[in-house]
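The values are calculated or read from the model by the stated rules, or taken from the named source; none is laboratory data. All figures in this text were calculated on a predicted structure; none of them were measured in a lab. Here Cβ is always computed from backbone atoms with ideal geometry, including for glycine, and neighbour counts include all displayed protein chains. Please note that ligands, DNA and RNA were not included when accessible areas were found on the heavy atoms of the full protein model with its side chains. Shrake-Rupley method; radii C 1.70, N 1.55, O 1.52, S 1.80 Å.
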Amino acid sequence: MVTTRTLDVPGAHLSYEARDSGPVLVLTGAPMNAAHFAPLADALADEYTVVTHDPRGISGSTLDDPTQDSTPELRADDIAAILDDIGADSADVFGSSGGAVTGLALVARHPARVRTLVAHEPPVLEVLPDAAERRAEMDDIVETFHREGLGPAFGKFMTVSGMEPAAGPPPGEPSAQDQADGARFLAHELRGTANYLPDIKALTAARPRVLIAIGTTSGPLLTHRTSTALAARLGTHPVEFPGGHGGFMEAPGEFAGVLRKVLGG
């Protein structure tokens, strides 16, 4: 059974879903919304109370001030508020991409709320030796968006990230919501997420357990570099998950099996 709720927090109105059957597991992305995680949530709902949500400013989670930037710290506070709303003292957290950065901020700001964090391919550029160059590329993407629009900016984003457009015919015109979410990401979320500096001391504390994850086919991606570099800073090795950056969407059943094993370790 899926329950959908709206939660008012300072400056935002958060839309989230819960599939109720056991200990709480939060699945979070940025800018990916709850729908992107639905197949994975369904595959895990027999064992966990799986919480998915639209990050602030994305899809159903609206803002009082649409010009407010989205930061990992704000999104971490939002997850803590959702846990309060469902009456959960703590949760396991799986975050992917910008959601992995949200998870890192959640551990730093609210460590008692997290049992295990699995941070899947966090794009934390500041841990790289060429961080200044990578930061300049992100600035150029944002400036391209403001100057030329969504399409050219996303083209640059895909190139810089190491991603290639999918083979075959175009999937069709993006919906108005997709375009709004894309614009929100480029104008108000990309910089704050990519420029986040992880708190290594907080991440290496005894609690919670923090695992960095990478996809088995993510070798060419910038997030493979950032994940590997962050794991080295933490004195660990990345845990491999099926697929690439979107492995949880590509093979949700197989991905869920690995996540279960990781959380049970």
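Filtering segment 91-110 down to residues that are open to solvent by 10 Å² or more (accessible area, probe 1.4 Å) and in contact with a strand residue (DSSP E or B) (Cβ under 8 Å, 6 or more places away or on another chain), which residue is nearest to residue 74 (Cα to Cα)? Break it down into steps so the answer makes sense when it comes.
At the first step, the residues of segment 91-110 found to be open to solvent by 10 Å² or more (accessible area, probe 1.4 Å) are 92, 97, 108-110.
If we keep only those that are in contact with a strand residue (DSSP E or B) (Cβ under 8 Å, 6 or more places away or on another chain) too, we end up with 92, 97.
Working: 92: 19, 97: 16 Å.
Going through the qualifying residues, I end up with 97.
Among the residues in segment 183-191, are any open to solvent by 40 Å² or more (accessible area, probe 1.4 Å) and within 17 Å of residue 101 (Cβ to Cβ)?
Our first condition is that a residue be open to solvent by 40 Å² or more (accessible area, probe 1.4 Å); within segment 183-191, this holds for 188, 191.
In the following step, the residues that additionally are within 17 Å of residue 101 (Cβ to Cβ) were identified as 188, 191.
Scanning segment 183-191 turns up at least one residue that is open to solvent by 40 Å² or more (accessible area, probe 1.4 Å) and within 17 Å of residue 101 (Cβ to Cβ).
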Considering segment 111-126, residues that are in contact with a Ser or Thr (Cβ under 7 Å, 6 or more places away or on another chain) and open to solvent by 10 Å² or more (accessible area, probe 1.4 Å), and then whichever is farthest from residue 205 (Cα to Cα), we arrive at 123
Conditions first: (1) out of contact with any Ser or Thr (no Cβ under 8 Å at 6 or more places or on another chain); (2) open to solvent by less than 10 Å² (accessible area, probe 1.4 Å); (3) part of a loop (DSSP other than H, G, I, E, B). Residue 69 passes all but one, so which condition is the exception? (2)
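Go through segment 1-59 and tell me which strands (runs of 3 or more DSSP E), entirely inside it, have 2 or more residues that are surrounded by fewer than 24 Cβ atoms within 10 Å (Cβ to Cβ). Reasoning before the result, please.
Details: elements: 2-9, 12-19, 24-30, 49-53.
Counting at least 2 such residues, we get 2-9, 12-19.
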Here the residues within segment 1-41 that are of a type in the set (Gly, Ala, Ser) and in contact with a Pro (Cβ under 8 Å, 6 or more places away or on another chain) are 29, 30
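Yes or no, residue by residue, for (1) surrounded by fewer than 19 Cβ atoms within 10 Å (Cβ to Cβ); (2) closer than 23 Å to residue 258 by Cα:
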| position | (1), (2) |
| --- | --- |
| 197 | yes, no |
| 202 | yes, no |
| 205 | yes, no |
| 208 | no, yes |
| 217 | yes, yes |
| 220 | yes, yes |
| 230 | no, yes |
Out of the residues in segment 75-90 meeting the condition of being within 13 Å of residue 115 (Cβ to Cβ) and either of a type outside the set (A, V, I, L, M) or without any contact (Cβ under 8 Å) to a residue 40 or more places away in the chain (or both), tell me which one is surrounded by the most Cβ atoms within 10 Å (Cβ to Cβ). 90
